[in-house]
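Take a look at the structure below.
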Amino acid sequence: MRAGKALDRYVWDRVRDHRASEVTSGAPGTFEALKLRKYALVVTFKRNGQAVPTATWFGLGDDGNVYTHTSTDSWKVKRISRDPRVLVAPSNQRGRPLGPAIEGRARVLPKADWERAERVIAANYGFGRKLYMAPARGSADAMTYLEITPVSSER
């Protein structure tokens, strides 16, 4: 792990709301509770079943799916590639849950779908996100997009 990434992880672990770690299960449903929210808590799972929460910027598509952006080499991407099961809940920027968690299935999007995912995310944030993301434009290959589909209650 590069030094900057280790520092990012250290800082994030210190500022994350302790209640984020309490989200370990969810229910089938839709992501409607995310409308008008700026942050979502995305919980992925380690091999041993331990939940790993991350507050993230996201977009809610017209298709009812959640789209988010992350580092290609992040542990989140590795966990999702191994186990697509995730939980998603509305949250504040520190990850404090603001509603119930909904079960979902995540996947890494192919590059052909990145532009659509970016439009969905940008629609939730506007100009502020453009400013924030401007320094990352040169490292576009270091980033990827995720799509999270809600698990239907009709199993």
**Fill in**
Least to most buried among PHE45, PHE58, PHE31, by other C-beta atoms within 10 Å and fewest first, runs PHE45, PHE31, PHE58
**Request:** Could you list TRP57, TRP114 in order of exposure, starting from the residue whose Cβ has the fewest other Cβ atoms within 10 Å?
**Result:** TRP114, TRP57
**Request:** Enumerate the amide H contacts of MET143 below 5 Å, restricted to partners 5 or more residues apart or on another chain; note that Pro and chain-start residues carry no placed amide H.
**Result:** THR72
**Item:** Length-normalised contact order of segment 36-87 in % [C-alpha pairs under 8 Å, at least 6 apart]
**Value:** 38
**Item:** Label-point separation in nm, ASP73 to ALA112, each point 7 Å along Cα→Cβ
**Value:** 2.8
**Message:** Rounded, prolate or oblate, given the Cα gyration tensor of segment 45-129, with a/c below 1.5 counting as rounded?
**Reply:** oblate
**Prompt:** Which ³J(HN,Hα) values in Hz, rounded to whole numbers, follow from the phi angles of segment 50-60 under the Karplus curve 6.51 cos²θ - 1.76 cosθ + 1.60, where θ = phi - 60° and Gly and Pro get x?
**Reply:** 5, 6, 10, x, 9, 7, 9, 6, 8, x, 9
**Item:** Packing-based order for 20-29, 91-100, using average beta carbon neighbours within 10 Å, highest first
**Value:** 91-100, 20-29
**Request:** Rank the residues HIS18, HIS69 as a footprinting-exposure proxy: fewest other Cβ atoms within 10 Å of their Cβ go first.
**Result:** HIS18, HIS69
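Each reported figure results from applying straightforward, stated rules to the coordinates on display, with no laboratory input. Nothing here was measured: the structure is a model prediction, and the numbers come from that model. Virtual Cβ from ideal backbone geometry, glycine too; neighbours counted across all protein chains shown.
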